[in-house]
Amino acid sequence: MRKTRILAGIGLTAAALLTLSACNSGTPGASPDESGDATEALWEVATDVDLADSPTYDAMVERDGVIIGVKNDQPGLGIEDPVSGERSGFDVDIARWIAASLGFDEDQIEYVTIPSANREQAIVNGDIDYYVGTYSITDSRMEQIDFAGPYFITGQGLLVAADDEEINGPEDLAGKIVCSVTGSTPLQRIRDEYNPGDTVEYDTYSQCVEQLVAGSVDAITTDEAILAGYVAERPDDLKIAGEPFSEERYGVGLPKGDTALKDWINTLFTDGGDVWTALFDQHLAPAGISGDQPAVDE
Ligand code: GLU
């Protein structure tokens, strides 16, 4: 029964949930939702945060708000509604969950859309407090920043036109034009380890999708979790070709050396109970993505 009630609860927007939980802290499970049924928020905004030795958290407290870097064009993961401006998706909710654990509600969050190529610099510059957006943990990125997590694992795949019969894996890319995003691990890997006819790069994957649908590129390569979101939106136009050919471990990008914040987020993930599964079931499972919550790195 508990799980059923949680899943009923996530039918509300996360913003509404945070409002509900903020109004009802101390009485979890007792908040009426709009239909009048009892529901249960996935998390409460913390009121008694005790986080020492985190310069990033100190800056959040000082400005009374948190600034989070995200994506805005990745269905299921990080989306911004162009009309309402509302943000949604698995990554966005992971970002909200972290903010709530630090004592910040939706009104105190500022989202900044940052493309793949600019993530490390935004963190190094202090433009954002943390980044949640299909951000693979890699050694070269860890020279500049730290990561909490991983909180999700996927793998690099290929997106092609639904009627494409020729491309069934990265070995079939000879003579083909492949689109990906500047500064991403999949673009680097397809160039380093495979032999596509040509590669073109854009700032965002949605720009690549437009090129694929227009027929000006033959394939898109990035993480399957991202590609599955585009297929779910346009199943008549797009399909995933073949099997994943890398391991992409998603982390929360953090300022280098803020070990206290990294440990805080890792503890949240480890002790988070049903939250991860509820978010996965809401945002990723509907696109046919499977997976379990990974253990965080030591
Ligand atoms: N996970 C890969 C990366 O971090 C690809 C997705 C992205 O560009 O955000 O580069």
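The number of residues in the range 80-89 that are more than 14 Å from the ligand (Cβ to nearest atom) and within 21 Å of Ile289 (Cβ to Cβ) comes to 3. Only a single item in (1) within 16 Å of the ligand (Cβ to nearest atom); (2) closer than 28 Å to Asp198 by Cα; (3) out of contact with any Ser or Thr (no Cβ under 7 Å at 6 or more places or on another chain) is not met by Pro115, and it is number (3). Just to be sure before I move on: is Arg63 within 16 Å of the ligand (Cβ to nearest atom) and over 12 Å from the mean Cα position of the chain (by Cα) in the structure I sent? So Arg63 fails the test.
Which of (1) within 12 Å of the ligand (Cβ to nearest atom); (2) over 19 Å from Asn266 (Cα atoms) is the odd one out, the single condition Phe152 does not satisfy? Just one mismatch for Phe152, condition (2).
Restricting to the range 61-92, name every residue that is among the β-branched types (Val, Ile, Thr) and touching a strand residue (DSSP E or B) at 6+ places or on another chain (Cβ under 8 Å). Answer for the range 61-92, where residues must be among the β-branched types (Val, Ile, Thr) and touching a strand residue (DSSP E or B) at 6+ places or on another chain (Cβ under 8 Å): Val66, Ile67, Ile68, Val70, Ile79, Val92.
Only one entry in Phe90, Phe104 is surrounded by 17 or more Cβ atoms within 10 Å (Cβ to Cβ), at pLDDT 95 or above, within 12 Å of the chain's Cα centre (by Cα) and among the hydrophobic types (A, V, I, L, M, F, W, C), namely Phe90. Looking for whichever is out of contact with any helix residue (DSSP H, G or I) (no Cβ under 9 Å at 6 or more places or on another chain), in contact (Cβ under 8 Å) with a residue 40 or more places away in the chain and either of a type in the set (Ser, Thr, Tyr) or buried (at least 23 other Cβ atoms within 10 Å of the Cβ) (or both) here; the options are Thr222, Thr154, Thr204, Thr259. Which one fits? Thr259 is the lone residue from the list that is out of contact with any helix residue (DSSP H, G or I) (no Cβ under 9 Å at 6 or more places or on another chain), in contact (Cβ under 8 Å) with a residue 40 or more places away in the chain and either of a type in the set (Ser, Thr, Tyr) or buried (at least 23 other Cβ atoms within 10 Å of the Cβ) (or both). If the condition is being within 11 Å of the ligand (Cβ to nearest atom) and part of a loop (DSSP other than H, G, I, E, B), then the range 155-177 contributes only Gly155.
The values are calculated or read from the model by the stated rules, or taken from the named source; none is laboratory data. No experiment lies behind these values; they were computed from the predicted model shown. Positions of Cβ are generated from backbone atoms using ideal geometry, with glycine treated the same way; all protein chains shown enter the neighbour counts.
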